[in-house]
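Report on one structure; see the data block that follows.
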Amino acid sequence: MRLRVNRIVKYLILSDLLFWTGWGLINPIFAIFVVQRIEGGSAFVAGVAAAIYWILKSFLRVPIGAFLDSLKGEKDDYFFLVSGLFLAALVPFGYVIVRFPWQIYLLQVIYAIGMAMSLSGWQAIFTRHIDKGKEATEWGLDATFLGFGVGIAGAVGGWTVTKFGFEPVFISVGILGLVSVFVLLGLRNDIKGVFDQGIHLNFKSIFKGDSEK
């Protein structure tokens, strides 16, 4: 079967792949990192950190989604996507320097806020631009690429930690996250209203929502 995917969907999938492949490097080693490198770190601390991320992100998704839906225009979705992803991409660099549980918890809060923003914008744009009649296929493409990327990254992350330590893994995750943000800048001519007055993102203009979705 020959698959033809439109430009916006391609860029969203590529950005998604890069970001989540990076975080796939962390998945198998995060709890070990907390136990070995955090003062007072334990399985309980790792569990609380995971709970903070999932609960806060889940709590924020609906209100952020409702807020974005209340605004006209696609630039608000794009702004939340890019800024949220950028915020989340900074978190792995923080893992390099943290030493105490409260610092891990703070980073998890930042990660949750960033991902709630980013995922709300990503899914809004993806849903709006998905090719008619290929909805299941293109959602499946994103899930498939993410599955392969995260799966391979899990093995690579575990091997890298055993050979080089935690720091190179976290730095690599952060770099992949930032690259995924820059990939989205390739959509600057495709998202209506965002770059009409140059690359500067104007907060007031964004939230006016003055273009049609």
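A quick yes/no check of all residues on (1) within 15 Å of Q123 (Cβ to Cβ); (2) over 21 Å from the mean Cα position of the chain (by Cα):
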position: R37; (1), (2): no, yes
position: G41; (1), (2): no, yes
position: V45; (1), (2): no, yes
position: V48; (1), (2): no, no
position: A51; (1), (2): no, no
position: L81; (1), (2): yes, no
Can you tell me which condition T137 does not meet? The list is (1) polar (S, T, N, Q); (2) at pLDDT below 90; (3) under 15 Å from F80 (Cα atoms), and all the others hold.
(3)
Take the range 129-145 and flag every residue that is in a helix (DSSP H, G or I) and under 16 Å from D16 (Cβ atoms).
H129, T137, E138, W139, G140, L141, D142, A143, T144, F145
When the range 18-31 is examined, which residues are found to be surrounded by fewer than 21 Cβ atoms within 10 Å (Cβ to Cβ), touching a residue at least 60 places away in the same chain (Cβ under 8 Å) and over 10 Å from the mean Cα position of the chain (by Cα)?
N27, P28, I29
Provide a single number: the residues in the range 179-210 that are surrounded by fewer than 17 Cβ atoms within 10 Å (Cβ to Cβ) and either modelled with pLDDT of 90 or more or of a type outside the set (A, V, I, L, M) (or both).
17
Please work out which one of (1) within 21 Å of G47 (Cβ to Cβ); (2) touching a residue at least 40 places away in the same chain (Cβ under 8 Å); (3) within 14 Å of the chain's Cα centre (by Cα) is the condition I104 fails and give its number.
(3)
Among the residues of the range 84-104, what is the count of those that are surrounded by fewer than 17 Cβ atoms within 10 Å (Cβ to Cβ) and under 16 Å from I52 (Cα atoms)?
3
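The values are calculated or read from the model by the stated rules, or taken from the named source; none is laboratory data. Just so you know, these numbers come straight off a predicted model, no measurement behind them. Because the Cβ atoms are built from the backbone with ideal geometry, glycine has one as well, and the counts that use them run over all protein chains shown.
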